[in-house]
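Presented below is the structure to which this report refers.
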Amino acid sequence: MSTFANAVQKGSVTTTEALALFDTLDVVNLDTMLGRWHGAGFPTQHRMDGILEAYGWYGKEFHSANEVDPLLFKHGNKLVKMNPERIPLSLLTANFEPPKSAFVGRCFSLLIPTIKTKDFKARMRMTEFRGKVSATMLYDGLPINDVFRKVDENTLLGLMDLKGMEQPFFFVLHRD
């Protein structure tokens with residue numbers, strides 16, 4: 001698999017294949033990141049594949065280098081900014097498959113009023129990762145960096161690097 005289109009057509013790739021693809025993509029500057037982005041899965045046989053979609057994840061919004069909404073979720077007909085610090089990291093690093101059913105997603109939506117925030121919960125910096133310097137979203141108060149590479153002008157491949165998680169988690173962002 002040599003291109004993003006091939007990976008999407010295949011439906012799921014291994015982490016090794018996803019990393020090889022990620023390494024071929026162009027870097028992203030901070031200005032490119034500005035705006036709202038709709039997220040989608042990029043299946044790599046990771047235990048978190050499908051979890052964001054099942055729980056109503058919409059995407060991310062980048063207002064400036066220091067003002068980022070890292071997690072936007074659909075709640076009814078609104079988008080809600082979530083506070084990732086209120087989601088236990090043990091759910092992401094534990095060695096079990098998180099539930100991804102529609103029922104669990106509806107239960108999660110009941111928690112949204114306790115997890116939402118009005119504050120920005122991340123910032124962006126240019127960082128080096130796997131030999132290239134590219135736009136990276138740094139979560140406030142969490143050991144998570146989302147590194148981005150450019151697929152095309154309106155599509156990014158993201159890699160979530162979480163301290164303590166054995167393999168990276170991949171996702172796609174499409175510009176609104």
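The values are calculated or read from the model by the stated rules, or taken from the named source; none is laboratory data. Note that this is a predicted model, so its numbers are computed, not measured. When we count neighbours, we look across all protein chains shown, and the Cβ atoms used for this are built from the backbone with ideal geometry, even at glycine. What goes into the accessible areas is simple: the full protein's heavy atoms, side chains included, and nothing from ligands, DNA or RNA. Shrake-Rupley method; radii C 1.70, N 1.55, O 1.52, S 1.80 Å.
Of the strands (runs of 3 or more DSSP E) lying entirely inside the range 79-176, those containing at least 3 residues that are over 18 Å from residue 54 (Cα atoms), in contact (Cβ under 8 Å) with a residue 24 or more places away in the chain and open to solvent by less than 60 Å² (accessible area, probe 1.4 Å) are 122-129, 132-139, 144-152, 155-162. Is it true that some residue in the range 38-46 is open to solvent by 60 Å² or more (accessible area, probe 1.4 Å) and over 16 Å from the mean Cα position of the chain (by Cα)? Within the range 38-46, none of the residues are open to solvent by 60 Å² or more (accessible area, probe 1.4 Å) and over 16 Å from the mean Cα position of the chain (by Cα). Could you tell me whether any residue of the range 56-76 is at positive phi, at pLDDT below 95 and open to solvent by 20 Å² or more (accessible area, probe 1.4 Å)? Yes, because at least one residue in the range 56-76 is at positive phi, at pLDDT below 95 and open to solvent by 20 Å² or more (accessible area, probe 1.4 Å). Answer with yes or no whether residue 26 is touching a Lys or Arg at 6+ places or on another chain (Cβ under 9 Å), farther than 26 Å from residue 97 by Cβ and either open to solvent by 30 Å² or more (accessible area, probe 1.4 Å) or in contact (Cβ under 8 Å) with a residue 60 or more places away in the chain (or both). The answer is yes for residue 26. At least 3 residues being touching a strand residue (DSSP E or B) at 6+ places or on another chain (Cβ under 8 Å) is the threshold, and among the helices (runs of 4 or more DSSP H) wholly inside the range 1-53 those reaching it are 15-24, 30-33.
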